[in-house]
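Asker: Below you'll find the structure I mean.
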Amino acid sequence: MKGNIKLAVLSAVIALSLSACRVYEIRSMEVTDDVYVAKSMHDVVYLEIVDKPHEIIGYVTVNAERNQRLSKVLEQIEKEAAILGGDAITNIRTNGGTGKWAQIKPQELLGNANVRSNFIATVIAFK
């Protein structure tokens, strides 16, 4: 009997952990017909102001829980920008949240309660 209970509890824990939400959902969109070679994420820099000739080659969107550190979100953006062949990311913006919790505004009762935000960055390549 004890073995059956342990097995049931273990099965429930595994099922819950496998059905948990993803921390990051990453999407990218290329906007050029030119081909750029993928780079290391360490070669991609964040620039607030771009003062060199460049081309916009795409956009990266990272959907994450609001309580994620911005440094971790930027890491995800840089990884995807490197895959696109970008030299830099710029113009990072966010929205107020997505999902059912953003619609019903439970923040007063439940804090951020699974509200997710989109972080969108422009990916550029220098000419």
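Rule-based calculations on the coordinates, nothing more; no lab input. Keep in mind that this is a model prediction, so the values were computed, not measured. Neighbour counts run over all protein chains shown; Cβ positions are idealised from the backbone, glycine included.
Asker: Identify the residues of region 24-56 with backbone N under 19 Å of a label point that sits 7 angstrom from the Cα of F126 along the Cα-to-Cβ direction, or state none.
Answerer: 35-56
Asker: Residue-wise, which Karplus ³J(HN,Hα) couplings in Hz belong to region 39-44, taking 6.51 cos²θ - 1.76 cosθ + 1.60, θ = phi - 60°, and x for glycine or proline?
Answerer: My calculation for region 39-44 gives 10, 6, 4, 6, 8, 8 Hz in order.
Asker: Still on this model: Counting Lys and Arg as +1 and Asp and Glu as -1, what is the net charge of the other residues whose Cβ lies under 13 Å from the Cβ of A38?
Answerer: Values: positive: K39, K79; negative: E30, D43, E78, E80, D87.
That works out to -3.
Asker: Pop the C-beta distance of M29 and E75 into the FRET formula with R0 = 25 Å and round what comes out to the nearest 0.05. It would help to have the intermediate numbers written out before the result.
Answerer: Working: r = 20 Å, r/R0 = 0.78.
The pair M29/E75 has a calculated efficiency of 0.80.
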